[in-house]
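To start, the structure under review is shown below, and the notes come after it.
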Amino acid sequence: MRTVDEHLAAILAAVRPAAPVRLPLSESLGLVLCEDLRSRVDLPGFDNSAMDGYAVRSADVRAADPAVPGSAVTLPVVGEVAAGGIATVPVGRGEAVRIMTGAMMPDGADAIVKVEDTDGGTESVEIRAGVPVGTSVRPAGEDVREGAVVLEAGAVIDSRRVALLAATGHGEVLVRPRPRVAVVSTGSELVPPGDPLAPGQIHDSNSHMLAAAIAECGAVATHRLSIGDEGSEVLRVVEELAGQVDAIVTSGGVSMGAYDVVKEVLRDTGTVDFVQVAMQPGKPQGFGVVGAQQVPLFALPGNPVSSYVSFEVFVRPALRALMGLKPHARQAVTARLMHDLRSPAGRTQIARAVAVRDGSGWQADPVWGQASHFIADLSRANALLVIPPDVTDLSAGDAVQIWLLDGAEGRISR
């Protein structure tokens, strides 16, 4: 029987980052940059105003002091420049140009008087506060110089970096692409959600859950299928998908039952191994490569909780590796257990818990239903509690490691 770490290591050893592709900047969020990028422009590209106000020569308004009655300076307004416009009228001695935030500085001006320190005049303006040279002026290249490296290869593009790349002139970027993933649920008992159920049937939740989990980690679920228990159909679907996607995730059919056709059919290919992993839930696992392109295939258990936990432990890290990201993304923190918990000897238990944080730190409350078919309790959980194989009894107050799931940090204990 493999340990969790051994099975994950075998998976990551077989997964290679996808070849870089050039994509529009608008499609790059969350992807890994594969080249150094230099600014194509100065930022700002020209001297501009940081305020709505008046462009002046500092020497002309030096005497204005709001604390001194009668010290205001009146200047003629000889022009106006808005953001996006061209400053065509220079500022001569004793003159002012009305200017908007982001607008180009006119020649001759060396400072901006904000509109709040004036009477807001349009033909002439009363300046009530003097300003030093450079006040409220954004010099060209103050932020970034043309040719400077703004983002290095290996950076993960987030919303702030999208802004930087857009501002420095990059409409396309060379990145690792999002993996295209096919999800296949197996079982003749499965019926689409919303359809009526006959005796012995259940709604297919796994394919929807796994497709959503794939999207959550930045990949794309391009196919979502539910098929029966015929070995020929399983093999046909897998062979077809292997030529269209970057990874395949199946659920069901991997245990020891008479109708576990995924294991029965794919084991015979010689490229997919089916093993038992010392974990609960998720003991039966399958992994290998299929098709001419050696597409990774993950064969997960069919019980929903087992399938979800298996995805978190094995599939999510592999998909991130395909994207060139660090495999482990979930934040791991230490929490105090709120109730006693037993764990099977010799297995890593991945328990579901509700995590809350108060002034003393994180607290973890295991959900009531830890069985592998309890979907409602899975949906309540916002953390996974990781119990090592050599620990069998935990008491309330014991320190435990938890992985925070999406939304965990938003729940604060009152």
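Values quoted throughout were computed directly from the atomic coordinates according to the rules given, and no laboratory measurement underlies them. A quick note: this is a predicted structure, and the numbers were derived from the prediction, not measured. Ideal geometry is used to build each Cβ from the backbone, glycine not excepted, and the neighbour counts take in all protein chains shown.
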**Asked** Across region 285-293, in residue order, what do the Karplus-derived ³J(HN,Hα) couplings come to in whole Hz, using 6.51 cos²θ - 1.76 cosθ + 1.60 with θ = phi - 60° and x for Gly and Pro?
**Response** 9, x, 8, x, 10, 9, x, 5, 8
**Complete:** Rounded to the nearest 0.05, FRET efficiency between R2 and D36 (Cβ-Cβ, R0 45 Å) equals 0.65
**Message:** To check my understanding: the extent here is largest minus smallest coordinate of the Cα atoms along each principal axis. What are those three numbers for region 88-131, in Å, largest first?
**Reply:** 24, 23, 20
**Request:** Would you please give the residues with an amide H less than 5 Å from that of V295, counting only those at least 5 places away or on a separate chain, with H modeled from the backbone geometry?
**Result:** V290
**Message:** At 7 Å along Cα-to-Cβ for each site, give me the label-to-label distance between D107 and S71 in nm.
**Reply:** 3.3
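Tell me, what is the FRET efficiency for V275 and V149 to the nearest 0.05, using R0 = 41 angstrom and their Cβ-Cβ distance as r?
FRET efficiency, V275 to V149: 0.35.
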**Asked** Per 10 Å bin from zero, what fraction in whole % of the C-alpha pairs of region 331-410 is there, up to the bin with the longest pair?
**Response** 20, 56, 23, 1
**Message:** At a 10 Å Cβ-Cβ cut-off, how would you order W368, W403, fewest neighbours first?
**Reply:** W368, W403
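Order of S39, S360 from fewest to most other C-beta atoms within 10 Å?
Working: S39 22, S360 8.
Sorted ascending by nearby Cβ count, the order is S360, S39.
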**Item:** Residue order, fewest to most beta carbons within 10 Å, for D273, D119
**Value:** D119, D273
**Asked** Mind checking which aspartates and glutamates have their C-alpha under 12 Å from K114, skipping anything on the same chain fewer than 8 residues away?
**Response** D52, E126
**Prompt:** Label-point separation (nm) for A345 and A329, each offset 7 Å from Cα along Cα-to-Cβ?
**Reply:** 3.9
**Request:** Could you run the Karplus curve 6.51 cos²θ - 1.76 cosθ + 1.60 with θ = phi - 60° over region 30-35 and give me ³J(HN,Hα) per residue in whole Hz, x for Gly and Pro?
**Result:** x, 9, 8, 6, 10, 7
**Prompt:** Per residue, how much space in cubic angstrom lies within the convex hull of the C-alpha atoms of region 60-178?
**Reply:** 145
**Item:** Translational diffusion of the chain, µm² s⁻¹ [Kirkwood Rh, Cα pairs; Stokes-Einstein; 10 °C; 1.306 mPa s]
**Value:** 61
**Message:** Per 0.36 nm of contour for each residue apart, how much would the distance between R336 and L225 grow if the chain were fully extended, relative to their Cα-Cα spacing?
**Reply:** 35.9 nm
**Prompt:** Using modelled backbone amide H atoms (1.01 Å from N, in-plane), which distant-in-sequence or interchain residues come within less than 5 Å of L31's amide H?
**Reply:** I157
**Fluctuation leader among H170, H203, H223 - the chain, Gaussian network, Cα springs under 10 angstrom** = H203
**Item:** Dipole-positive endmost among A10, P199, V73 within the chain (Cβ charges, Cα centre)
**Value:** A10
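Report the calculated FRET efficiency for D390 and E172 (r = Cβ-Cβ distance, R0 = 60 Å), to the nearest 0.05. Write down the numbers at each step before the final one.
Details: r = 51 Å, r/R0 = 0.86.
Calculated transfer efficiency: 0.70.
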**Message:** Counting each pair of different Cα atoms once, what's the Kirkwood radius of region 241-391 in Å, rounded to one decimal?
**Reply:** 16.7
**Request:** Name the lysines eligible as straight-distance cross-link partners of K263: C-alpha to C-alpha under 23 Å, and not fewer than 8 places from it in the same chain.
**Result:** K283
**Request:** Would you kindly work out the equivalent ellipsoid of region 192-320 from its C-alpha gyration tensor and give its semi-axes, the square roots of five times the eigenvalues, largest first in whole Å?
**Result:** 20, 18, 16
**Fill in**
When the charge dipole of the chain is computed with +1 at the Cβ of Lys and Arg and -1 at the Cβ of Asp and Glu, the Cα pointing farthest to the positive end, of V333, G120, V41, is that of V333
**Prompt:** HN-Hα J couplings of region 294-302 from phi, Karplus 6.51/-1.76/1.60, θ = phi - 60°, integer Hz, Gly and Pro as x?
**Reply:** 6, 6, x, 10, 10, 9, 9, x, x
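Evaluate 2.2 N^0.38 Å with N set to the residue count of region 38-106, then give the Cα radius of gyration divided by it.
Working: Rg = 14.2 Å, N = 69, 2.2 N^0.38 = 11.0 Å.
Ratio of Cα Rg to 2.2 N^0.38 Å: 1.30.
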**Message:** Explain nothing, just the number: dipole magnitude of region 331-410 about its Cα centre with +1 on each Lys and Arg Cβ and -1 on each Asp and Glu Cβ, in debye rounded to the nearest 20.
**Reply:** 120
**Message:** Can you list residues from other chains, or at least 5 along the same chain, whose modelled amide H is less than 5 Å from the amide H of M279?
**Reply:** T348
